[in-house]
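Written out below as structure tokens is the structure these notes cover.
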Amino acid sequence: MNSIGSQVHTDQSPQAEAAPHRLYIETVGCQMNVLDSEMVVAALRQRGYDLARSVEQADTILFNTCSVREHAEEKVYANLAKLKKTKMAHPEKIIGVMGCMAQKDQRLVFQRAPYVDLVVGPGQLHRIPDLLDSIRHGAGKQMAVSLGRRDGSQEAIRRSHETFDPLRDPTMRPTPYQAYLRIQIGCDKFCTYCVVPMTRGPEQGRPPREILEEARELARQGCKEITFLGQTVNSYRYREGDRVTRLADLLEMVHEVDGIERLKFVTSYPKDMTRRLLETVRDLPKCSTYLHVPAQSGSDAVLRRMKRGYTVADYYQMMDLIRDVLPEAAVSSDFIVGFCGETEDDFQQTVELVKRCRFKNSFIFKYSVRPGTKAAELMPDDVPDEVKTRRNNELLELQNAISLEENLKFLGRRVEVLVEGPSKMSIKRGETGPVRQMTGRTKCDRIVVWEGNERQAGQLLPILIHDASSHTLFGAVETVETQSVPEVISLRH
Ligand code: SAH
Ligand code: SF4
Ligand code: F3S
């Protein structure tokens, strides 16, 4: 039994019993991980944990990790290495690794970082509170991971990847007005470069009833904007007897929840974009006119090797459908440059696609080999790193120029902004004292900054745009005088 465990058991004073544990949690990776961390904190709060601001103040340290690129993993191992001294000085502190890297590396985490006490995959997060208790009571190192994709029956594998959505904790969210809501876990697409189907397991939709109940709970907590999460969120389907629920149905259901003002969903899979979904977004006023639909590449040869399941022509057809149904929608994308065998000509076709699609923004990544994937097994990583870097920079520069051109179209327009809170560069000196720089997003997910006050947080405000950069629109809250500006503005944004 370790010292903390014996202290708790031998000291009978009520204060010592009630002393809360202090949790420090660090999160990297996608929105799924941000949501998982919120859930774990909520569960541990129920067990009497408080949040600590630093490793020094904490007795429990958790890293929520990502495996999507090697760089993300190396950073976690580097951060873990920094804890070695802390653990030697304070062996009672518990160090845990959760998330996708925990699932992928499993016991390897203990080998690479021997002072880690706990390894928990994303499908086993519900076990964290009990496992922490066991470690505290002397059980030694603990690991809880899900089955691999070939390590059992379909049913057993599915069951070992459990979605973890207990009580929501508004204090853990970046703002109390916005929340993620998981509608689907896992992924069955098996793109050849990607580790996610292994770390997150089979695609499984959550029951509509649970999603609706959670949306109502979020509204009760004062949340105004819900973002549905799924790796291929528009592939969502849930069957109960003869009834099949799709993403469009979920949007219709949650649209009815009082207090919710905005609805978004990420990430969409190009092949599964349907006219019905787009028409639902068009017809429901609370839906954001924003779609994140990663193209990954503009070359058919590369898309085939990636096993993305669509051609460039299919992608263009999908873009035409979006423009037809939702002419003002903002679309964003992800790209991988330097994937196995990508030639200069392949890359130029990606440049062409970016020029044609005019995305609001794109996330661009250099290909990173992921052990366990088809690409790692079968295709050599043959594009040199400096070529990857050059292609990355070239594509980013092009995308930034397009983003700026698209943002400049907003000059003089009024947009409706959901106010998130003070911006990072928050306080400016005004003539009558300090003024706050506030930030929020338009209906099409563009970031807006203006001078305002913190009481605006959580409101939907009309903002008149007077300047733009490639990533931000700058404006002012409309006053009575500015409201006489002509109605160029009634476009849906
Ligand atoms: N489910 C989403 C995104 C998952 S990961 C989708 O299918 O679009 C987020 C992004 O990381 C991907 O869109 C892809 O662009 C990038 N990515 C995934 N695996 C990668 C790898 N091995 N190397 C570099 N980038 C990768
Ligand atoms: Fe990965 Fe492809 Fe699934 Fe996205 S769709 S999570 S890129 S396998
Ligand atoms: Fe990373 Fe896992 Fe998300 S690998 S991108 S944290 S699903």
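Let's see how each residue does on (1) outside any helix (DSSP H, G or I); (2) more than 16 Å from ligand 3 (Cβ to nearest atom); (3) buried (at least 20 other Cβ atoms within 10 Å of the Cβ):
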site	(1), (2), (3)
S268	yes, no, yes
L277	no, yes, yes
V281	no, yes, yes
L291	yes, yes, yes
E328	yes, yes, no
D334	yes, no, no
Is it the case that the stretch 345-363 has a residue that's crowded, with 19+ Cβ neighbours inside 10 Å, part of a helix (DSSP H, G or I) and acidic (D, E)?
-> yes
Does T175 qualify as being over 21 Å from A52 (Cβ atoms) and within 16 Å of ligand 1 (Cβ to nearest atom)?
-> no
R45 meets each of (1) closer than 23 Å to L218 by Cα; (2) surrounded by fewer than 19 Cβ atoms within 10 Å (Cβ to Cβ); (3) at pLDDT 95 or above with one exception, condition (3)
Which of (1) part of a loop (DSSP other than H, G, I, E, B); (2) touching an Asp or Glu at 6+ places or on another chain (Cβ under 8 Å) is the odd one out, the single condition A301 does not satisfy?
-> (1)
Just wondering, is there one or more residues in the stretch 364-372 that are part of a helix (DSSP H, G or I), of a type in the set (F, W, Y) and open to solvent by 30 Å² or more (accessible area, probe 1.4 Å)?
-> no
Qualifying positions in the stretch 171-206 - part of a loop (DSSP other than H, G, I, E, B) and aromatic (F, W, Y) | Y177, F190, Y193
Candidate set: the stretch 301-346, residues that are among the acidic types (D, E) and in contact (Cβ under 8 Å) with a residue 40 or more places away in the chain; chosen: the one farthest from E394 (Cα to Cα) = E328
Residue list for the stretch 22-42, filter: open to solvent by less than 40 Å² (accessible area, probe 1.4 Å) and either touching an Asp or Glu at 6+ places or on another chain (Cβ under 9 Å) or away from ligand 3 (no atom under 16 Å from the Cβ) (or both) = L23, L35, S37, E38, M39, V41, A42
Kindly provide the set of residues from the stretch 382-415 that are surrounded by 14 or more Cβ atoms within 10 Å (Cβ to Cβ) and outside any helix (DSSP H, G or I), ordered by number.
-> V383, F410, L411, R413, R414, V415
Are any of the residues in the stretch 351-363 under 22 Å from the mean Cα position of the chain (by Cα), under 17 Å from R305 (Cβ atoms) and of a type outside the set (A, V, I, L, M, F, W, C)?
-> no
Within the stretch 291-304, how many residues are in contact with a Leu (Cβ under 9 Å, 6 or more places away or on another chain) and either modelled with pLDDT under 95 or over 18 Å from G230 (Cα atoms) (or both)?
-> 3
If you go through the stretch 383-421, how many residues are within 28 Å of T175 (Cβ to Cβ) and of a type in the set (K, R)?
-> 3
Which fully enclosed helices (runs of 4 or more DSSP H) of the stretch 56-122 have 3 or more residues being farther than 21 Å from V34 by Cβ and open to solvent by 60 Å² or more (accessible area, probe 1.4 Å)?
-> 84-89, 107-112
For the stretch 169-205, how many residues meet the condition of being open to solvent by less than 20 Å² (accessible area, probe 1.4 Å) and over 24 Å from Q103 (Cα atoms)?
-> 4
Taking the stretch 207-228 on its own, how many of its residues are open to solvent by 10 Å² or more (accessible area, probe 1.4 Å) and not in a helix (DSSP H, G or I)?
-> 5
Which of the residues that make up the stretch 35-48 are assigned to a helix (DSSP H, G or I) and either of a type in the set (K, R) or within 16 Å of ligand 2 (Cβ to nearest atom) (or both)?
-> L35, D36, R45
Scanning the stretch 246-260 residue by residue, the ones that are touching a residue at least 40 places away in the same chain (Cβ under 8 Å) and either more than 22 Å from the chain's Cα centre (by Cα) or surrounded by fewer than 18 Cβ atoms within 10 Å (Cβ to Cβ) (or both) total 4
Which of the following residues is surrounded by fewer than 18 Cβ atoms within 10 Å (Cβ to Cβ), under 30 Å from K93 (Cα atoms) and either outside the structural domain of R370 (by TED's automatic domain parsing) or within 16 Å of ligand 3 (Cβ to nearest atom) (or both): G148, G140?
-> G140
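The values are calculated or read from the model by the stated rules, or taken from the named source; none is laboratory data. The model shown is predicted, which means the values in this text are computed figures rather than measured ones. Neighbour counts are summed over all protein chains in view; Cβ atoms, including those assigned to glycine, are modelled from backbone coordinates with ideal geometry. Accessible surface is based on the protein model in full, side chains and every heavy atom, while ligands, DNA and RNA are left aside. Shrake-Rupley method; radii C 1.70, N 1.55, O 1.52, S 1.80 Å.
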